[in-house]
Amino acid sequence: MTRSTIAKFLSSVLLTGSLLCGSVLPSSALEAPNFRVINGGQTRAIEVNVSPSASDDWGDNLLAIDLDPGHYVYALKNYTIGSCVQDLRVVYEDEHVEYLYNINICRNDITLHY
């Protein structure tokens, strides 16, 4: 390959990579995706918190009503988020607390199994 062919190839690879990254990386304020928190377990969830992975603050309980086994909720409906990668905290009626870290909520529904 000539030097010019290699340069064109590398430019093409870099452009393709930046286009792919641009479509995967979130903007500073994303409309929250329609991901669901599904209670596939046996215990009622009484609190669900979603927080950016870099944050120490869990924020508000996103459940308007308790999440019974076999039901689901769109936890972030009408919210904006800064990143697709979030942490979840779930508090159950028996006071058990479950933590799920680094979840890509732009791609995944969350199923609880407690």
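Please report, for the Cα atoms of the range 30-112, the Rg to one decimal and the Dmax as a whole number; what are they, in angstrom?
Both quantities, over Cα of the range 30-112: 11.7, 34 Å.
Under a Cβ-Cβ cut-off of 12 Å, what is the net charge of the residues other than Pro33 that fall near it, where Lys and Arg count +1 and Asp and Glu count -1?
Combined, the nearby Lys, Arg, Asp and Glu give +1.
Output wanted: per-residue J couplings in Hz (rounded whole) for the range 32-38, from phi through Karplus 6.51 cos²θ - 1.76 cosθ + 1.60, θ = phi - 60°, x for Gly and Pro.
4, x, 7, 7, 10, 9, 10
How long is the gain from Asn34 to Asn108 if the chain were fully straight, where each residue apart is worth 0.36 nm and the alpha carbon distance is subtracted? The partial results should precede the final answer.
Values: separation 74, 0.36 × 74 = 26.64 nm, distance 0.95 nm.
Net length gain for the segment: 25.7 nm.
Got a sec to turn the phi values of the range 74-87 into Karplus ³J(HN,Hα) couplings, 6.51 cos²θ - 1.76 cosθ + 1.60 with θ = phi - 60°, whole Hz, x for Gly and Pro?
Listing the rounded values in order: 7, 5, 10, 4, 6, 9, 10, 10, x, 7, 6, 8, 10, 10 Hz.
Just so you know, all these numbers are worked out from the coordinates, no wet-lab data involved. In this text, all values refer to a predicted model and were calculated from it rather than measured experimentally. Methodologically, a virtual Cβ is constructed for each residue, glycine included, from the backbone with ideal geometry; neighbour enumeration extends over all protein chains shown.
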